[in-house]
Amino acid sequence: MKSFKILKFIVLMILIVVFSNAFSYDIIPEIQGIYNSFSLDLWNLALVVENNKYAAGLRIFDESMRSESYKLGFVTMKRQIDKSYFNLLTFVGQSYGVVLTIGYENYSIPTTGYERTYYISSTQSILAEYSKTWFSIPALPVGETTIGPFALNYEGFSLSRLGISNPHISINMKRGFANVDTLQLSFVQIGNIYSLGFYVFSDKSLEQGATVNLGWDFDERRIVGVLGGRIFIDLWDFRFFFSAYGTYIPSSENVKYGIWFRFLSPIQGDLIIQNNVGYFKIKMADIF
C-alpha cells in the first residue's frame, strides 16, 4: 500500500511538471467533466479523477477537414465542407477504463453536427451525446400565394448512465426554435418535461430569444409551464451563449431547470447543468 502511494505521488508530480511546462510549447489543454469524473488532457497525456480515485492516461486523436475551391472573379477561394474527428483516451490507476469521442460537423446548408462520448470505466459506463441542426428555406409559391419562409435552429444534449437493470438519464436538454413566415415557435425539453410554445424577441438566425411554453411532465404526470431563453454575451473578451429554462408552475417537489453555457472564445466548449447534475468540456484554445 505504501509503495502504491509513493508511485501515485510520483506519477502526479510528473503530470504536474508536464502540464505546467506545456504552455511554452503552444500545447492546448482540454478539460472535461462527465457526471462524477474529471479529466485534464494535454497532448497525449491525461490525468483522470473519478470518485476521488486517480489515474494516468494516454490518448490518441485525429481531425480531418474537407474543403472545396471556387472562383470569386479572378480569385480562387476555398471553403470548408465538413469536419470529422475522434479522441481515444485509455487510463489506468486506482480506476481504469477508456473514453472514446467521435464527432462530425457539416458546414453546408442544412448545417448539422453531432458528437458522442463513450465513457467506460471499472465502476461505471456513461454515454454523452450532442447534436445540432440549422437550415433555412425561402418562401414556396402555392397557387397565387406563398408559404414560408421556413427556418429551424435545433440543439440538444443528453448524458446517460448506462446500466443493465436500471439505466438512468442524468441530463436531457433540447431546444428547437422555428420560424414559419411570421409565426415563431419553440420546443424545449428538460429531462422528461416536453413543452411547446412561442419564441419571441428573436434574431434572424434564431440563436437568441425568449420562450413561453406549455408542456407535460411525464415523471409527475402533470401540466407544467416552461419559461426561459437564450442570449449571446460578449463580456471582457469572453464570448458565449447563455441559455436558461425552468418550470414556472412548480412541481410538487421543486422547480426543475436547465442551464447551458456554450463558450466560443477565448475558451471553447460547454457547461450544462440540469437539476444539480453537471457536465462540462472546455478547450482553452486562445488563452495561452
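Here, each number is a calculation from the coordinates, and none is a lab measurement. Here the structure is a predicted model, which is why all the values come from computation and not from measurement. In this analysis, Cβ positions are derived from the backbone assuming ideal geometry, glycine residues included, and neighbour counts consider all displayed protein chains.
Annotations
- Cα shape, the range 135-268, gyration tensor, a/c 1.5 rule: oblate
- Prolate/oblate/rounded label for the range 21-283 (Cα gyration tensor, a/c 1.5): oblate
- Restraint check, Lys132/Lys256; Lys204/Lys256; Lys78/Lys283; Lys83/Lys132; Lys83/Lys283, Cα-Cα greater than 21 Å: Lys132/Lys256; Lys204/Lys256; Lys78/Lys283
- Using θ = phi - 60° and Karplus 6.51 cos²θ - 1.76 cosθ + 1.60, couplings along the range 108-119 (whole Hz; Gly, Pro as x): 7, 8, x, 6, 9, x, 8, 8, 10, 10, 9, 10
- Each residue of the range 211-225 is assigned a 3J(HN,Hα), and the resulting list reads 10, 10, 10, 10, x, 10, 8, 6, 6, 9, 6, 8, 6, 9, x Hz, derived from the Karplus form 6.51 cos²θ - 1.76 cosθ + 1.60 (θ = phi - 60°), x at Gly and Pro.
- Per-residue HN-Hα couplings for the range 185-201 [Karplus 6.51, -1.76, 1.60; θ = phi - 60°; Hz; x = Gly/Pro]: 10, 9, 10, 9, 10, 10, x, 9, 9, 10, 9, 10, x, 10, 10, 10, 6
- Proximal charge balance of Ile273 [Cβ under 14 Å; K/R count +1, D/E count -1]: +2
- Using the Cβ of Ser125 as centre and a radius below 13 Å, the other residues enclosed give a net charge of 0, where K and R count +1 and D and E count -1.
- Overall, the range 21-283 carries a charge dipole of about 120 debye about its Cα centre when +1 sits on the Cβ of Lys and Arg and -1 on the Cβ of Asp and Glu, all other atoms neutral.
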